1. Can you name the number of the only condition in (1) within 16 Å of the ligand (Cβ to nearest atom); (2) in a helix (DSSP H, G or I); (3) within 19 Å of residue 113 (Cβ to Cβ) that residue 95 fails?
2. Take the conditions part of a helix (DSSP H, G or I) and open to solvent by 20 Å² or more (accessible area, probe 1.4 Å) and apply them to residue 36. Does it pass?
3. What pairs come out if I take residues in segment 59-78 that are assigned to a strand (DSSP E or B) and pair them with residues that are polar (S, T, N, Q) and within 16 Å of the ligand (Cβ to nearest atom) whose C-beta lies under 6 Å away, six or more apart or interchain?
4. Given the structure, is residue 62 open to solvent by less than 30 Å² (accessible area, probe 1.4 Å) and more than 16 Å from the ligand (Cβ to nearest atom)?
5. For residues that are within 15 Å of residue 129 (Cα to Cα) and surrounded by 15 or more Cβ atoms within 10 Å (Cβ to Cβ), scanning just segment 1-10, find the one that is nearest to the ligand (Cβ to nearest atom).
6. Going through segment 47-59 one residue at a time, which ones are surrounded by 16 or more Cβ atoms within 10 Å (Cβ to Cβ) and within 15 Å of the ligand (Cβ to nearest atom)?
7. Taking the conditions exactly as written (more than 14 Å from residue 116 (Cα to Cα), buried (at least 16 other Cβ atoms within 10 Å of the Cβ) and within 15 Å of the ligand (Cβ to nearest atom)), does residue 82 satisfy them or not?
8. Would you check if there is a residue in segment 11-30 being modelled with pLDDT of 95 or more, part of a loop (DSSP other than H, G, I, E, B), open to solvent by 40 Å² or more (accessible area, probe 1.4 Å) and within 10 Å of the ligand (Cβ to nearest atom)?
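The values are calculated or read from the model by the stated rules, or taken from the named source; none is laboratory data. Nothing here was measured: the structure is a model prediction, and the numbers come from that model. Counting neighbours? That spans all protein chains shown, and the Cβs are built from the backbone with ideal geometry, glycine included. Protein only, heavy atoms only, side chains kept; ligands, DNA and RNA dropped before computing areas. Shrake-Rupley method; radii C 1.70, N 1.55, O 1.52, S 1.80 Å.
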Amino acid sequence: MKIHVINGPNLNLLGTREPQIYGRSSFEAYLPVLRAAFPDVDIDYYQSNVEGELINRLQEVGFGCDGIVLNAGAYTHTSLALADCIRALSAPVVEVHISNVYQREALRHHSLLAAACKGVIAGFGLDSYRLAIESLRAGSCSPARL
Ligand code: DQA
């Protein structure tokens, strides 16, 4: 199984960025932990701060993999272009957030992407990524797919 994890703006600063909200681990430090949790899954990682680059990457990988875990950061709340892109892909996309966006400012309560995604996982810290991969793995062998 091939899964792509794609992180958006400012997530390259995990570990030092608002650690009281996002924790003290960089994504690079967490990635081996995530990979170890799924020895049978090939997990690719990409991060960009640029909206168009995220769209290019989604288009590149979104027709030839089993799923995408997308934390689009603040673009979650603003980007119709990312929502359109997700709708165009054949791979299922799970939207993830490290923080519980519903406990935060009202403008973070709305996602333009959620309706285009298979589901949303928010609020479990970095474990949100593991839960997202778990859901994609379960989905790939659900009775509907067999
Ligand atoms: C975030 C939540 C967003 O509102 C914020 O803009 C981020 C990170 C999260 O993972 O909790 O950059 O997506």
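1. All conditions pass for residue 95, except number (2).
2. Judged against the criteria, residue 36 is a match.
3. The qualifying pairs are 71/7.
4. Numbers: open to solvent by less than 30 Å² (accessible area, probe 1.4 Å): yes; more than 16 Å from the ligand (Cβ to nearest atom): yes.
Spelling it out, residue 62 is indeed open to solvent by less than 30 Å² (accessible area, probe 1.4 Å) and more than 16 Å from the ligand (Cβ to nearest atom).
5. Restricting to residues being within 15 Å of residue 129 (Cα to Cα) and surrounded by 15 or more Cβ atoms within 10 Å (Cβ to Cβ), the top hit is 8.
6. Residues of segment 47-59 surrounded by 16 or more Cβ atoms within 10 Å (Cβ to Cβ): 47-48, 51, 54-55, 57-58.
Hits for segment 47-59 are 47, 48, 51, 54.
7. Working: more than 14 Å from residue 116 (Cα to Cα): no; buried (at least 16 other Cβ atoms within 10 Å of the Cβ): yes; within 15 Å of the ligand (Cβ to nearest atom): yes.
Judged against the criteria, residue 82 is not a match.
8. Scanning segment 11-30, I find at least one residue that is modelled with pLDDT of 95 or more, part of a loop (DSSP other than H, G, I, E, B), open to solvent by 40 Å² or more (accessible area, probe 1.4 Å) and within 10 Å of the ligand (Cβ to nearest atom), so the answer is yes.
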